[in-house]
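Reading through the structure tokens given below for one structure.
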Amino acid sequence: MAPTTDNAGQTGDAGTARAALEALRTEIAKAVVGQDPAVTGLVVALLCRGHVLLEGVPGVAKTLLVRALASALELDTKRVQFTPDLMPSDITGSLVYDTRTAEFSFQPGPVFTNLLLADEINRTPPKTQSSLLEAMEERQVTVDGTPRPLPEPFLVAATQNPVEYEGTYPLPEAQLDRFLLKLTVPLPSRQDEIDVLTRHASGFDPRDLRAAGVRPVAGPADLAAARAAVAGTTVSPEITAYVVDICRATRESPSLTLGVSPRGATALLATSRAWAWLTGRDYVIPDDVKALALPTLRHRIQLRPEAEMEGVTTDSVINAVLAHVPVPR
């Protein structure tokens, strides 16, 4: 029997996958309160085969969010606490001498997983930070000259603290550009915080997601079907030009020393397509581009020191660009 077609012109398999991914919000909400934008951003990154930088003060459930996502998607996940003494081999793995066989064997590092949580990535030196670059870009690691492929799907979710910079190593622009999205995880609202405390008073244990009722509602097959559907999402020439004009406008902003590169424009187009598909359309509209512009571009631009001193932020620059660039009709 031929697959059915839903209202957006996509096959029934794609419709089933979208319903499964939409159910993630409800499932993750059993463990994490009030972080829907971050959940959506992580799903968009999975659809685009990209990586995510999560920024927020300690205690806003960044780690719990990633763990809950992995549990609801039935994906393998590992966590690495980045520290100043962490070595590249602690992430990628290394060759270990086996005295029984008198041979070296490869011992995989934590990067060999589906969802890698790189906690406080800016607390480790650049040499160790850069050990993730090959994994993020090539989906493999090379140890002793031998490339070793990573599992599929593979996503790096890195966290960093935006307020405590003592003893940290800021991520270089080349590495920041490898992250598809930079998501801010804000402090919860008063009611959300009350809900968090009520759950804990009722016995909620963040270390036991199964007891909290988090169950797998989607899997790798749903992700594969969803990615195929996103790849078929139509982008008109006008939308392509709109994305390019937004990115070029950042390069001309007097508040910036560094604007969005062509890689950033490609990323914005990809995230806009994923968002369009998630909202039930098989074509991209300008509102899709606007919805993903901040998380996709905010880490790809660099403020001038004088603008930063005047209180200008990357988000305010992007919002000004969006207000200035003509929207296609």
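Can you pull out the residues in the stretch 133-163 that are open to solvent by 30 Å² or more (accessible area, probe 1.4 Å) and assigned to a strand (DSSP E or B)? Quick ask: steps written out before the conclusion?
Kept after step one, since they are open to solvent by 30 Å² or more (accessible area, probe 1.4 Å), are these residues of the stretch 133-163: 133-134, 137-140, 142, 144-149, 151-152, 162-163.
Result: 140, 142, 146, 147, 148, 149.
Which members of the stretch 40-83 meet the condition of being under 23 Å from residue 177 (Cα atoms) and of a type in the set (Gly, Ala, Ser)? Answer for the stretch 40-83, where residues must be under 23 Å from residue 177 (Cα atoms) and of a type in the set (Gly, Ala, Ser): 41, 45, 50, 56.
Of all residues in the stretch 117-125, none satisfies being open to solvent by 60 Å² or more (accessible area, probe 1.4 Å) and in contact (Cβ under 8 Å) with a residue 40 or more places away in the chain. Total residues in the stretch 197-222 satisfying the condition of being among the aliphatic types (A, V, I, L, M) and buried (at least 16 other Cβ atoms within 10 Å of the Cβ): the figure is 5. When only residues in the stretch 177-190 that are of a type outside the set (A, V, I, L, M, F, W, C) and surrounded by 13 or more Cβ atoms within 10 Å (Cβ to Cβ) count, which is nearest to residue 132 (Cα to Cα)? Among residues in the stretch 177-190 that are of a type outside the set (A, V, I, L, M, F, W, C) and surrounded by 13 or more Cβ atoms within 10 Å (Cβ to Cβ), the one nearest to residue 132 (Cα to Cα) is 178.
Scanning the stretch 86-96 for residues that are open to solvent by 30 Å² or more (accessible area, probe 1.4 Å) and of a type in the set (S, T, N, Q) returns 89, 94. Kindly indicate whether any position in the stretch 101-111 is under 25 Å from residue 288 (Cβ atoms), touching a residue at least 12 places away in the same chain (Cβ under 8 Å) and touching a helix residue (DSSP H, G or I) at 6+ places or on another chain (Cβ under 8 Å). Scanning the stretch 101-111 turns up no residue that is under 25 Å from residue 288 (Cβ atoms), touching a residue at least 12 places away in the same chain (Cβ under 8 Å) and touching a helix residue (DSSP H, G or I) at 6+ places or on another chain (Cβ under 8 Å). Only one entry of 173, 193, 166 meets the criterion of being touching a strand residue (DSSP E or B) at 6+ places or on another chain (Cβ under 8 Å) and either modelled with pLDDT of 90 or more or surrounded by fewer than 16 Cβ atoms within 10 Å (Cβ to Cβ) (or both), and that entry is 173. On the stretch given as the stretch 41-65, residues that are surrounded by 20 or more Cβ atoms within 10 Å (Cβ to Cβ), modelled with pLDDT under 90 and of a type in the set (Val, Ile, Thr) total 1. Within the stretch 97-113, the set of residues being open to solvent by less than 80 Å² (accessible area, probe 1.4 Å) and of a type in the set (Ser, Thr, Tyr) comprises 101, 105, 113. With respect to the conditions (1) of a type outside the set (Phe, Trp, Tyr); (2) in contact with a Leu (Cβ under 9 Å, 6 or more places away or on another chain); (3) within 28 Å of residue 160 (Cβ to Cβ); (4) in a helix (DSSP H, G or I), residue 195 lacks only one, and its number is (2).
Going residue by residue through the stretch 21-37, is there one that turns out to be surrounded by fewer than 19 Cβ atoms within 10 Å (Cβ to Cβ), closer than 23 Å to residue 276 by Cβ and within 14 Å of the chain's Cα centre (by Cα)? Yes, because at least one residue in the stretch 21-37 is surrounded by fewer than 19 Cβ atoms within 10 Å (Cβ to Cβ), closer than 23 Å to residue 276 by Cβ and within 14 Å of the chain's Cα centre (by Cα). Of the helices (runs of 4 or more DSSP H) contained entirely in the stretch 233-329, those carrying at least 3 residues that are touching a residue at least 40 places away in the same chain (Cβ under 8 Å) and open to solvent by 20 Å² or more (accessible area, probe 1.4 Å) fall at 237-251, 262-278, 314-324.
The values are calculated or read from the model by the stated rules, or taken from the named source; none is laboratory data. Note that this is a predicted model, so its numbers are computed, not measured. When we count neighbours, we look across all protein chains shown, and the Cβ atoms used for this are built from the backbone with ideal geometry, even at glycine. Surface areas here come from the heavy atoms of the whole protein model, side chains and all, with no ligands, DNA or RNA. Shrake-Rupley method; radii C 1.70, N 1.55, O 1.52, S 1.80 Å.
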